[in-house]
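Notes follow once the structure below has been shown.
The values are calculated or read from the model by the stated rules, or taken from the named source; none is laboratory data. Since the model is a prediction, treat every value here as computed from it, not as a measurement. Neighbour counts are summed over all protein chains in view; Cβ atoms, including those assigned to glycine, are modelled from backbone coordinates with ideal geometry.
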Amino acid sequence: MAQYSYEIGANAGARVNVEDLATGFPPPRGEHNRYTVIRVGGDGKSVGDGFPRVTWTFDYLTIAAFNILMTYITGASTSVSIKTRLDDGTYQAYASAIMHRPELPRGARRVFLGYRDIVIVFTRCEI
């Protein structure tokens with residue numbers, strides 16, 4: 001049984017728990033931002049702009065696990081459906097989010113039989 005409820009799929013009806021993608025597949029550390037950009041307005045107050053932005057960080061993925069995760073993305077980015085943890089510990093499902101391919105080796109480091117510090121970014125997250 002999965003310990004966490006991080007999910008990914010081609011659409012909302014096809015989402016599966018990330019931990020069920022393969023034996024020993026680790027859950028990510030999720031970071032949820034309510035806005036894509038936060039800027040300071042003319043009155044000095046912070047203003048959030050854009051759709052929510054989510055990042056999933058995997059401390060280590062085997063090459064096989066990385067390749068399984070990459071089956072969800074075609075090209076540099078693609079639309080998927082995800083479920084991710086919010087700051088308050090609850091989970092939010094997004095019917096649509098743009099998944100961006102991680103930059104290798106710049107964003108992650110190749111180590112024996114896998115990669116460390118894989119960061120997957122999801123933008124334009126829509127309920």
Of those in segment 107-121 that are in a strand (DSSP E or B) and surrounded by fewer than 17 Cβ atoms within 10 Å (Cβ to Cβ), the residue modelled with the highest pLDDT is VAL119
Among residues of segment 5-34 being part of a loop (DSSP other than H, G, I, E, B) and touching a Lys or Arg at 6+ places or on another chain (Cβ under 7 Å), the residue surrounded by the most Cβ atoms within 10 Å (Cβ to Cβ) is TYR6
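Residues are listed down the side, and each one gets a yes or a no for (1) touching a Pro at 6+ places or on another chain (Cβ under 8 Å); (2) touching a residue at least 24 places away in the same chain (Cβ under 8 Å):
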{"site": "ALA2", "(1), (2)": "yes, yes"}
{"site": "ARG15", "(1), (2)": "no, yes"}
{"site": "ARG39", "(1), (2)": "no, no"}
{"site": "PHE51", "(1), (2)": "no, yes"}
{"site": "TYR91", "(1), (2)": "no, yes"}
If you go through segment 97-106 one residue at a time, do you hit one that is surrounded by fewer than 17 Cβ atoms within 10 Å (Cβ to Cβ), farther than 19 Å from PRO26 by Cα, in contact with a Lys or Arg (Cβ under 9 Å, 6 or more places away or on another chain) and at pLDDT 95 or above?
no
Restricting segment 31-50 to residues that are under 20 Å from THR84 (Cα atoms) and hydroxyl-bearing (Ser, Thr, Tyr), the one modelled with the highest pLDDT turns out to be TYR35
**Asked** What about ASP87, is it over 30 Å from VAL111 (Cα atoms) and modelled with pLDDT under 95?
**Response** yes
Among the residues of segment 35-78, the number that are farther than 15 Å from PRO102 by Cβ and loosely packed, with under 15 Cβ neighbours inside 10 Å is 17
